[in-house]
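**Q** One structure coming up, written as structure tokens, with questions to follow.
Read-outs: derived from the displayed coordinates by stated rules, not from any lab. Just so we're clear, the structure is a prediction, and the values are computed from it rather than from any experiment. Note that we place each Cβ from the backbone using ideal geometry, even for glycine, and neighbour counts take in every protein chain shown.
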Amino acid sequence: LRWQIEGRMDRIAIIGGSSLSGSIPISGAKNSAIKLMAASLLTDEPLRLTNMPRLADTRFLGRLLARLGASVDEREGEAGSETILHTPEILGAIAPYDLVRQMRASFNVLGPLVARTGQAKVSLPGGCTIGARPVDLHLKALEALGASIDMHEGYVYAQAPRGLRGAEIVFPFVSVGATEHALLAAVLADGQTVLRNSACEPEIVDLAECLISMGANISGAGTTDIVIEGVRRLNGATHAVIPDRIETGAYACAAAMAGGDVTLTNTRADIVQSLLDKMVEAGVQIDSVGAAIRVRRGEGRLKAVDLTTEVYPGFPTDLQAPFMALMTMADGESRIRETIFENRFMHVPELTRLGADISVSGGEAVVHGVDSLNGAEVMATDLRASVSLIIAALAAKGETVVNRVYHLDRGFERLEDKLSACGANIRRIRGEAREGHE
Ligand code: EPZ
């Protein structure tokens, strides 16, 4: 039943034209939380994660961890939502297709399972609407650490009966997931591991800090070279999930699109600096103090600016669609290049339905700013594409209805509450139960 409720075909209706004012609390980062949850498998003691976002993706992973033997205790603590994960023993190191396909990053349990038990059977995650998204670098990293890897019938079988051993791993290109996976596996390996050409995303620093609190020996996280001295066992710990930089960026774009004066709280400017720089270039006023970022936009159109997505600290691919929504009504022409995923312009035809003028050629979209957008019925295709439709709808004339908001629910906690508290005219239309997720 729970599965069916989560899979409802809800829609979100927005009547555009209201400016936003007030404050929006930012949740813990989805893309950090799910790796931290996987890290809990590395110890037989409880891992307490605070500032936890409550999202479909964290629930999917919670279900898989429970199947592997974890108790998953979600509570409201003094400082907000927390989850305590405790896996005294791994009950069969098997992650079945049905649970992995719901959330690709579930694949990251493979490394911790092999590190802790010496073997695992984990379903391959399959493709995704934004690209093929292979996991070859993850598997090569585990092989370098001494695991033998076989694949049959859509499953990866990994074995390291005498444990993993440290190695030097040079990633041929930067991958967030592969860096995190190698880190998760190497902490319990015998000896030293050096990860070269690692991703530097803030979520990697967060994962490393949590592992260090659990007793791991890691240096260099946040730089391209990470050095891990393996330890024999890890202990429990308490760790606060870092703020969600993509949620922060999406609401900054929403405030700039609708106009008004919004303060984003419980976040950090340094982790979204590349976006804030582009917003300032476009004419948005940004002021940040401590954990708050104030976003103001007065009368008049924003200026079109160009951007290229890059690995951190460059402009994040996950904010490409939200920023494109902002550019649809800017003055001039904005060239937006996507370099991380091969199919990440699925929002373009939907933004076009709202009256945007965008042409795509290969990995580049050219957005010609228009004077106005008009509400229409549109369809969310993936998580970040969905929020770009919400952002555009905030400034469109009349009503926009976004279908398939289950994509949005994977990564944005209480989005309609957060926006309506600032004056947006937004509501959820409950739909029929549907079976499963794509
Ligand atoms: C993470 O995906 C995020 N997901 C993505 O956010 C984010 O867009 C991406 O990093 C880039 O920042 C999670 O953290 C759960 P990659 P990940 O490995 O780790 C190719 C969202 O909406 N590649 O850095 O999968 C890959 O196909 C999601 O929250 C290989 O070829 O990203 C891509 O083109 C979407 N082989 C590029 O590398 C591999 O083994 C970068 O991907 C691994 C990756």
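**Q** Provide the percentage of antiparallel DSSP beta bridges, counting only those with both residues in the chain; round to the nearest 5.
**A** 70 percent
**Q** Enumerate the amide H contacts of Q119 below 5 Å, restricted to partners 5 or more residues apart or on another chain; note that Pro and chain-start residues carry no placed amide H.
**A** A160
**Q** Just how far, in whole angstrom, is the stretch 189-213 from the stretch 275-292 if you go by their alpha carbon centroids?
**A** Value for the Cα centre distance between the two parts: 29 Å.
**Q** Oh, and also: Could you state the number of Å between the C-alpha centres of the stretch 88-160 and the stretch 229-269?
**A** Each part's Cα centre sits 27 Å from the other's.
**Q** Another question about this same structure. Highest mean first, how do 112-119, 374-381 rank when packing is the count of other Cβ atoms within 10 Å averaged over residues?
**A** Highest to lowest by the protection proxy: 112-119, 374-381.
**Q** Could you sort 288-300, 79-91 so that the peptide with the highest average Cβ count within 10 Å comes first and the rest follow in order?
**A** Ranking the peptides 288-300, 79-91 by packing returns 79-91, 288-300.
**Q** Right, here's the next one. So how long is each side of the chain along the principal axes, counting just the alpha-carbon atoms, biggest first, in Å?
**A** The principal-axis extents, from largest down, are 65, 45, 44 Å.
**Q** With n ≥ 4 as the cut-off for DSSP H runs, can you work out [θ] at 222 nm for the chain, using -39500 (n - 2.57) per run divided by the number of residues, rounded to the nearest 500?
**A** -8500 deg cm²/dmol
**Q** What angle do you read, to the nearest 10 degrees and between 0 and 90, between the alpha-carbon axis of helix 202-213 and the longest principal axis of the chain?
**A** That helix lies at roughly 30 degrees to the long axis.
**Q** Note the full-extension length gain between Q273 and E74 as 0.36 nm times their separation in residues minus their Cα-Cα distance, in nm to one decimal.
**A** That pair, Q273 and E74, stretches by 68.4 nm at full extension.
**Q** Report the Cα-based extents of the stretch 12-103 along its three principal axes, largest first, to the nearest Å.
**A** Projected onto its principal axes, the Cα set of the stretch 12-103 covers 54, 33, 17 Å.
**Q** List, in order, the whole-Hz ³J(HN,Hα) value for each residue of the stretch 370-381 obtained from phi through the Karplus relation with A = 6.51, B = -1.76, C = 1.60 and θ = phi - 60°; use x for Gly and Pro.
**A** 10, 6, 8, 10, 10, x, 7, 8, 9, 10, 6, 10
**Q** Which lysines have a Cα less than 26 Å from the Cα of K35, not counting those fewer than 8 places away in the same chain?
**A** List returned: K121, K140, K418.
**Q** For the ranges 101-109, 196-204, 232-240, 249-257, what's the packing order if you count other beta-carbon atoms within 10 Å of each residue, average per peptide, and put the highest first?
**A** Highest to lowest by the protection proxy: 249-257, 101-109, 196-204, 232-240.
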